[in-house]
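Asker: I'd like to ask some things about the structure below.
The values are calculated or read from the model by the stated rules, or taken from the named source; none is laboratory data. Keep in mind that this is a model prediction, so the values were computed, not measured. Backbone-built Cβ (ideal geometry, glycine too); neighbour counts: all protein chains shown.
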Amino acid sequence: MTASRNRTTRVAADERDQLLQLVATQSMPMGIDQIFHGDMVSICDHIPPQTVDLLLLDPPYNLRKTFGSSTFNRRSTEEYREAFSLWLKVALRTLKPDATIYVCAEWRTSAIVQPILEENLAVRNRITWEREKGRGAQTNWKNTSEDIWFCTAGEDYKFYPDRVRIRRPVIAPYRDQTGRPKDWNDHEAGAYRDTAPANLWTDVTIPFWSMPENTEHPTQKPEKLIAKLILASSDTGDVVFDPFLGSGTSAVVAKKLGRRWIGIEIEAEYCALAQKRINQSREGDPIQGYRDGVFWPRNSPNQQQRTANRRRADEEGLLL
Ligand SMILES: C[S@@+](CC[C@H](N)C(=O)[O-])C[C@H]1O[C@@H](n2cnc3c(N)ncnc32)[C@H](O)[C@@H]1O
């Protein structure tokens with residue numbers, strides 16, 4: 001590993017203040033495409049009702065975790081329930097009637113938040129995604145799954161499954177009597193099928209040092225994961241709101257996908273980091289794992305590699 005290949009985004013000491021000048025505080029007028037520095041409980045009150053189309057809630061889970069200058073300590077179930085209920089209540093005030101809400105959690109936190117979500121929203125599904133990282137343990141199963149609760153404010157809501165299909169190689173490419181591919185596409189790079197999105201996601205890569213989206217935020221979400229939520233549940237120009245913005249992933253992805261966005265983050269260090277990522281991104285910029293309007297399996301070769309593999313297989317008479 002060479003230091004020059006490390007593409008982690010960091011904020012240098014001499015750029016921090018300049019970045020923070022672009023970040024708003026509670027006393028400033030409410031703006032779209034804006035990061036707010038402060039506590040979401042008070043800042044949410046400044047967002048006019050019926051502003052938000054898509055709410056992404058990724059709060060501290062009920063685990064001990066250090067975020068910048070403060071540590072979130074694991075609480076009793078009752079204490080976490082109280083905190084989460086308040087976070088949800090203030091965020092829900094900002095929503096449009098047809099809004100969608102996604103809530104991230106690990107297995108223990110999931111059990112606490114589910115009844116609160118059921119009381120307040122229409123809970124439609126629970127996505128489980130594989131977080132392929134972390135150490136194994138000698139006394140328990142290694143934890144590599146996380147949940148995302150899919151909820152809506154009402155019965156009318158946006159949902160576009162065709163925008164989040166996964167392109168998978170076809171293992172047994174079957175042809176009909178006329179020789180045409182049956183439910184798959186014949187491409188010079190291989191046989192593939194664009195499959196319907198299910199609620200179990202095993203195609204997400206956790207950002208690592210050679211990916212430009214990587215930061216030192218301890219619980220950063222992958223852009224690919226957030227892109228699926230935004231594409232499936234919002235239109236171009238819609239407002240995406242993330243009141244626990246962290247390293248800024250949801251705002252960056254919203255911007256790349258032509259949505260508007262609002263973010264709140266309590267740690268100044270992360271506000272600066274998120275602002276830096278926002279400044280570096282443009283509408284239409286690539287999102288790792290999403291190309292040609294479809295999502296690709298984890299570690300799948302790019303187009304060039306696939307074409308080369310296919311040619312080699314043809315030359316060697318192999319079935320690919
Ligand atoms: C789980 S992380 C979110 C990570 C984010 N999704 C990302 O991709 O980087 C939760 C974030 O919420 C912030 N936070 C905690 N309490 C907050 C509050 N009351 N208001 C705003 N932000 C808060 C933490 O500093 C932390 O960065």
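Asker: What is the number of the single condition among (1) at pLDDT 95 or above; (2) out of contact with any His (no Cβ under 9 Å at 6 or more places or on another chain) that VAL23 does not meet?
Answerer: Evaluating VAL23 over (1) at pLDDT 95 or above; (2) out of contact with any His (no Cβ under 9 Å at 6 or more places or on another chain) leaves (2) as the failure.
Asker: Here is a further query. Would you be able to tell me the number of residues in the range 1-31 that are of a type in the set (Asp, Glu) and out of contact with any helix residue (DSSP H, G or I) (no Cβ under 9 Å at 6 or more places or on another chain)?
Answerer: 1
Asker: Tell me whether the range 100-112 contains one or more residues that are farther than 23 Å from PRO222 by Cα and either touching a residue at least 40 places away in the same chain (Cβ under 8 Å) or surrounded by 18 or more Cβ atoms within 10 Å (Cβ to Cβ) (or both).
Answerer: yes
Asker: For the range 1-95, please list each of the helices (runs of 4 or more DSSP H) lying entirely inside it that holds at least 3 residues being away from the ligand (no atom under 13 Å from the Cβ).
Answerer: The helices (runs of 4 or more DSSP H) meeting that bar are 13-21, 77-92.
Asker: Taking PHE84 as meeting all but one of (1) touching a helix residue (DSSP H, G or I) at 6+ places or on another chain (Cβ under 7 Å); (2) on the phi > 0 side of the Ramachandran plot; (3) buried (at least 18 other Cβ atoms within 10 Å of the Cβ), write down the number of the exception.
Answerer: Status for PHE84: all satisfied but (2).
Asker: Okay, next question. Inspect all residues belonging to the range 104-118 and state whether any of them is within 13 Å of the ligand (Cβ to nearest atom), closer than 20 Å to TYR157 by Cα, of a type outside the set (Val, Ile, Thr) and not in a helix (DSSP H, G or I).
Answerer: yes
Asker: If you don't mind, another one. Output the qualifying pairs, or none if there are none: Cβ atoms under 7 angstrom, residues six or more apart or on different chains, first residue in the range 68-79 and touching a residue at least 40 places away in the same chain (Cβ under 8 Å), second residue in a loop (DSSP other than H, G, I, E, B).
Answerer: Here the result reads GLY68/GLU267; SER69/GLU267, each pair linking the range 68-79 to a residue that is in a loop (DSSP other than H, G, I, E, B).
Asker: Whether any residue in the range 207-223 is surrounded by 22 or more Cβ atoms within 10 Å (Cβ to Cβ), within 12 Å of the ligand (Cβ to nearest atom) and not in a loop (DSSP other than H, G, I, E, B) is what I want to check.
Answerer: Yes, the range 207-223 has at least one match.
Asker: Okay, next question. Starting from residues that are assigned to a loop (DSSP other than H, G, I, E, B) and acidic (Asp, Glu), keep the ones in the range 230-273 and report whichever is farthest from the ligand (Cβ to nearest atom).
Answerer: Among them, the one singled out is ASP235.
Asker: Right, something else. Which numbered condition in (1) assigned to a helix (DSSP H, G or I); (2) near the ligand (Cβ under 9 Å from one of its atoms) is the only one that LYS276 fails?
Answerer: The one condition LYS276 does not meet is (2).
Asker: Of the residues ILE35, ILE47, which single one is buried (at least 20 other Cβ atoms within 10 Å of the Cβ), farther than 27 Å from ALA111 by Cβ, of a type outside the set (Ser, Thr, Tyr) and under 19 Å from the mean Cα position of the chain (by Cα)?
Answerer: ILE35
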